[in-house]
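The values are calculated or read from the model by the stated rules, or taken from the named source; none is laboratory data. On a predicted model such as this, the values are computed, not experimentally measured, just so you know. Positions of Cβ are backbone-derived with ideal geometry, glycine not excepted, and every protein chain shown enters the neighbour counts. Surface accessibility is based on the protein's heavy atoms, side chains included, excluding ligands, DNA and RNA. Shrake-Rupley method; radii C 1.70, N 1.55, O 1.52, S 1.80 Å.
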Amino acid sequence: MGVSTGVAGLAASGLFGGLDPVAKPEAPPVEVGKVVDGGPWDVTVTGSRLVGELPGLTLGDGRRWFAVLATVENTDDESRDDFGDTVSLTGVDGLATEKPRYVLVLRDASRPKYLNPGLPEKLAFLWEQEAGQPVPTRVRVQVWGKTYRLDSIGNTMEWLDPERRAEIEVPVEDRRAG
């Protein structure tokens with residue numbers, strides 16, 4: 001009897017759209033220079049640019065660096081190492097990877113392992129791009145965040161469920177020499 005009721009309820013919900021996938025709302029557009037709450041991060045995208053060779057970084061043949069500049073502040077209580085997941089690019093052709101290959105601290109060009117709480121850092125997120133691609137005038141940068149919630153497996157509070165928190169249309173500066 002219970003199984004029959006469950007099947008009937010499932011069938012009825014399907015008739016009214018209960019089995020349809022739920023569309024996630026689009027990430028809200030944000031202006032360059034505005035702070036975006038990304039859960040364990042506050043992220044402020046400040047620009048993007050094309051650059052050539054960078055000291056200490058290996059660049060593949062026939063490639064250039066595509067950089068997104070952002071100030072990222074760890075708002076969590078502990079140091080974090082997942083800051084490379086805070087921004088992504090859409091609509092840029094010829095990128096070698098989906099995620100940035102390197103993240104550099106702008107003040108000293110170091111590659112941080114962790115960002116400490118309450119200390120905003122100006123970062124450059126770097127992707128390799130095929131040099132033969134046209135130079136875009138604008139790109140869309142997505143800011144990602146997480147939700148602090150109870151992990152159902154470990155029964156501990158964790159930052160989980162990555163989702164787009166904002167999308168920013170950013171002008172591209174061509175800073176390559178020559």
A correct Karplus calculation of ³J(HN,Hα) over segment 54-67, with 6.51 cos²θ - 1.76 cosθ + 1.60, θ = phi - 60°, whole Hz and x for Gly and Pro, returns 10, x, x, 10, 8, 10, x, 4, x, 10, 9, 8, 10, 10
Regression test value, accessible area per residue of the chain, probe 1.4 Å, units Å², expected 60
Tilt, helix 2-15 to longest principal axis of the chain (alpha-carbon atoms), in degrees rounded to tens, equals 50
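Using the Cα centre of segment 28-178 as the reference point, and only Cβ charges (+1 on K/R, -1 on D/E), how large is the resulting charge dipole? Debye, rounded to the nearest 20.
Charge dipole, segment 28-178, about its Cα centre: 500 debye, nearest 20.
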With the 8 Å Cα cutoff and a minimum separation of six or more residues, the chain has a relative contact order in percent of 27
Each label sits 7 Å from Cα toward the beta-carbon; between Asp37 and Lys99 the label points are separated, in nm, by 2.6
For segment 27-84, shape from the Cα gyration tensor axes a ≥ b ≥ c, cut at a/c of 1.5 then a/b versus b/c, turns out oblate
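Using a 1.4 Å probe on the protein chains only, how many percent of the accessible area of the chain belongs to carbon and sulfur?
The nonpolar share, carbon plus sulfur, comes to 53 percent.
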Expressed in square angstrom to the nearest 10, the accessible area of Trp144 with a 1.4 Å probe stands at 80
Site Ala177, offset 7 angstrom along Cα→Cβ, radius 19 Å on amide nitrogen, limited to segment 26-61, gives 49-61
Listed residues Glu78, Glu31, Glu158; largest mean-square fluctuation, Gaussian network over the chain with Cα springs below 10 Å, found at Glu158
